[in-house]
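So the structure is just underneath, and the comments pick up after that.
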Amino acid sequence: MKKISIIKRLISSITVIGYCLLVIGLVSCDDMFEPAEENKRQLEDLAKESTYAHGLLIYAYERLPYTRSTQTDIATDDAVTNVTTNNYLNMATGSWAADNDPMSQWDNCKNGIQYTNLFLSIVEKVQWAPSAVSKQQMFIDRLKGEAFGLRAVFYYYLLQAHGGYADDGILYGVPLLTTAEDGSSDFNQPRATFADCVKQCFADCDSAIALLPNQYEDIKSEDEIPAKYLALGANVSGYNLVFGKKAKNLMSGKATEAVKAQIALLAASPAFRDQSGVTSAEAATLCANVLKRIGGLEGLDNTGNTWYKNKTKIDNSTQTEIPEMIWREDRRQDNDQEKENFPPSLYGKGVVNPSQNLVDAFPMRTGRPITDPQSGYDPQNPYANRDSRLAEYIIYHGSTFKNTVISTGIDMPNENNETFDNLNSIETSTRTGYYLKKLLREEVSVSPTSSSQQNHIYPRIRYTEMFLAYAEAANDAWGPTADPTGVGFTAYDVIKAIRDRANIGKDEYNMPLPGGDEYLEEIKSDKAKMTELIRNERRIELCFENKRFWDLRRWQMPLNESVKGMKIEKVDPEKEDSPLKYTMIDVEDRVYNSSYQWYGPIPKSEVLKWSNLKQNKGW
C-alpha cells in the first residue's frame, strides 16, 4: 500500500543533517527512495541520534508550499503565459478536473503533516543536548513550536485548495490527522468539517506561539532570558545557540501569528464564512495583533512594495532584517526569474505576460479608476499620469528596462532594429503587449556570453499582505473608518498609507496634487466601494505573488473573465513620427464554472480509494 510504503521510507531514508542545517532551515534532498540495506533506522533509533531525528523536521520544511516564481497568476485574469504546454494555462482553458489539478496541495501537504506528526511523537525523547538541562529544554520547545507552526501551514494550504461543500450541504475541510500514521492505521478517514479544521489550525498556532520567540535574535544579558529557562541554568550563549539570529528564517512566533491571521481571513471570506465559525471581526483582530508588534502604520516599510530590487537591504539581509518581511526563505543568489521573464531582446523567455485587465486596475495618480469619467484617462495615451506602481511592476511599450527601450508594438523595431519584443513576434514574445517587471533584478544579465546573478529574497509572508488583510476584515466587520478594538488605525487608514507609499495623490515629482487622493476621500464612508478598492489594492500590491487565484475564489468573484491585451501600431506605417493607435485585443478565454469551482476538488484517485472521503460538489 502506498501510504505504508511512504511511512517505511520516511523513517529509513533520513540522512545525517548537522546543526548548521538546523539553523539554515532548508536543505536539498532527494525524494523518499528505498534505502540502502545498511542505512535502515526505526523510530526508536531516532531518540538516540538527534541529527537523524531532526531530519524529519527538515523534510517538513522542504514541503512548505511556497514558490519562488509566478505560477498561479497565469491561470487568472492577471496574466497569461507564452508556454503553450503550461499546466496552469491548460487548467484555465478548460482542463481543470479532479484527476488533473495543478492547484492540488493534497500529497505534498499531507506528507508534510506526516513528517510533523512523526517528529512531534519523538521530539521529547531525543537527546538534543544531554549535557545541559536548559539547552535540552530550549531545543525541545523550539523544535516542537516549529512543528506545530508548520502543521498549521500545511492545513491552511489544504483548506485553501480542497475545502468546500459536498452534496450534503456541509462545508468540509480535510481529514484531521494529529498523530503519525503507521502500518496499522485506518487510512479510510472522513473529512472533518471546515470549522473543525480551522479550530485545529488555531490550536496548533497557539501551541507554536507559546513555545517560540516572536523573532530570533541574539540577546546580550541574562536579564533577557525567559524565567523558565533561567531557572534551568540557561546562559546567554546557550540561549543564543537555540533562539539566536542564526535561526531567523525558521518558523517563529511572528510568522505563526501571521499564519493564524491568514487562516482567519480565509475562514471569514464569503466562500467559507457561513460554516467556518470565524467572523471578520475575529480575523481583523488577529491581523491587528501581528501589526501591533511593529507599531501599526508606523511600521509600514516605505520601500516595502519594491523590496525585490532594494540591493542594499537584500545584500545585507544576513545581518539585518528586511522590514517588509514577516517570514522568508534564506537569501539566494540566482537569475532564474530573470531567465524566465526578461524580454527576449534581453535574452529572456518572456514567460509571464501581464494582462490588460491588470494594467487597467492601476488607477490614475489622482487615485481615480480609469473608468471614472473624472479620471482624465486617455485611451490613446494610456500610460500617462498613472499610479507609479504600474511602471514598477509591468514593462509596457516605451518602458526603459536595463537601459533599453522596450518596444511591444506591431512592426516597431527597438534601437537595435530588433522586433523580438513586439506583440506575438516570436515564440518567446509577449502575447498581451506586456512583460513582467516585478520581482526582477535589473542588474542581472542572462546573456549567454555574459551571464550574471544577484541576491534574491523570496518572501513567504509580507507585512503588506497583513495590512491588506486587516483592511479587508476590518472594513467587512465595522466599515471603513471604525476602530472599535482601539488598535489605533482603520481600514481607511491602512489603504491611505499604502496608496500614499505608491504616491497616489502626488504628481510625477512627488508633489501633492490639489485634490490629493481624490477617490479614496470620496468613498471613505461607503463600505461597498471601500470593499472594491481594498480588493483592487490587494490585486495590485500582491500581483504575481500567487495570490489572485485564491482571492477570486474566496471572494466568490467570477473566474472566467477573459484575458485582454493591447495591440499598438502606427496610424500611418509609412511615417516615422506617426501617432500610435491603441487597440484592446482578446488574448485568452478563461473556461471556469464558478458555480462549483470556487472550491477545488479532492483528488479523484483518493475518492476512489477511500469510501469515507466525500468529494466537493460538482467535481
* Structure fact -> Under the 7 Å Cα-to-Cβ spin-label approximation, Q275 and Y596 lie apart by a distance in nanometres of 1.5 nm
* Amide H contacts of H456 (H built 1.01 Å from N, under 5 Å, at least 5 apart or other chain) -> R332, Q333, D334
* To do: Might you tell me the accessible area per residue for region 252-387, computed with a 1.4 Å probe and given in Å²?
  => 36 Å²
* Efficiency by 1/(1 + (r/R0)^6): what FRET value for N455 and S611, r their Cβ-Cβ distance, R0 = 35 Å, to the nearest 0.05? -> 0.10
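At a Förster radius of 41 Å, what calculated FRET efficiency corresponds to the Cβ-Cβ distance of T583 and E321, to the nearest 0.05?
Using R0 = 41 Å, I get an efficiency of 0.30.
Viscosity 0.890 mPa s, temperature 25 °C: Stokes-Einstein D of region 467-619 from its Kirkwood Cα radius, in µm² per second?
On the way: Rh = 19.5 Å.
Translational D for this selection: 126 µm²/s.
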* To do: For region 422-437, just list the computed ³J(HN,Hα) in residue order, Karplus coefficients 6.51, -1.76 and 1.60, θ = phi - 60°, integers in Hz, with x standing in for Gly and Pro.
  => 5, 3, 6, 6, 9, 4, 9, 6, 5, 9, 10, x, 9, 10, 6, 10
* Structure fact -> For the chain, the longest principal axis of the Cα atoms and the Cα long axis of helix 194-211 enclose an angle in degrees, to the nearest 10, of 70 degrees
* Whenever you get a sec, compute what percent of the accessible area on the chain sits on carbon and sulfur atoms (1.4 Å probe). => 48 percent
* Asked: Alpha carbon centre of region 468-542 versus region 551-614: separation in Å?
  -> 27 Å
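Residues of region 126-251: accessible area per residue at 1.4 Å, in Å²? Kindly include the intermediate steps, with their values, before the conclusion.
Details: 4940 Å² over 126 residues.
I get 39 Å² per residue for region 126-251.
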* Structure fact -> Taking the alpha-carbon centre of each part, the distance from region 351-388 to region 246-301 in Å is 31 Å
* Return the distance in nm (one decimal) between the two label points of a simple spin-label model at E442 and S95, each offset 7 Å from Cα along Cα→Cβ. => 3.8 nm
* Asked: So what's the gap between the Cα centers of region 399-413 and region 177-226, to the nearest angstrom?
  -> 50 Å
* Asked: Going by alpha carbons, how many degrees (0 to 90, nearest 10) lie between the helix axis of 106-122 and the longest principal axis of the chain?
  -> 30 degrees
* Structure fact -> Between E44 and R331, the FRET efficiency computed from the C-beta separation at R0 = 56 Å comes out, to the nearest 0.05, as 0.90
* **Helix 491-501 vs. the chain, principal-axis angle (Cα, 0 to 90°, nearest 10)** => 60 degrees
* Taking a quarter of the surface of the convex hull around the Cα atoms of region 143-217, what do you get in nm²? -> 6.1 nm²
* Asked: On average, how much accessible surface per residue is there in region 406-451, in Å², for a 1.4 Å probe, leaving out ligands, DNA and RNA?
  -> 43 Å²
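Let me spell out the model: positive unit charges on the Cβ of Lys and Arg, negative unit charges on the Cβ of Asp and Glu, origin at the Cα centre of the chain. What dipole size does that give, in debye rounded to 20? Don't skip to the answer; put the middle values down first.
On the way: 70 positive and 85 negative charges, 252 e Å.
I would put it at about 1220 debye.
Compute the normalised compactness of the chain: alpha-carbon radius of gyration over 2.2 N^0.38 Å, N being the residue count.
Numbers: Rg = 25.4 Å, N = 619, 2.2 N^0.38 = 25.3 Å.
Normalised Rg, Cα atoms only: 1.00.
The values are calculated or read from the model by the stated rules, or taken from the named source; none is laboratory data. These numbers were taken from a predicted model, which means no experiment stands behind them. So basically every Cβ, Gly included, is an ideal-geometry build from the backbone, and we count neighbours across all protein chains shown. Surface accessibility is based on the protein's heavy atoms, side chains included, excluding ligands, DNA and RNA. Shrake-Rupley method; radii C 1.70, N 1.55, O 1.52, S 1.80 Å.
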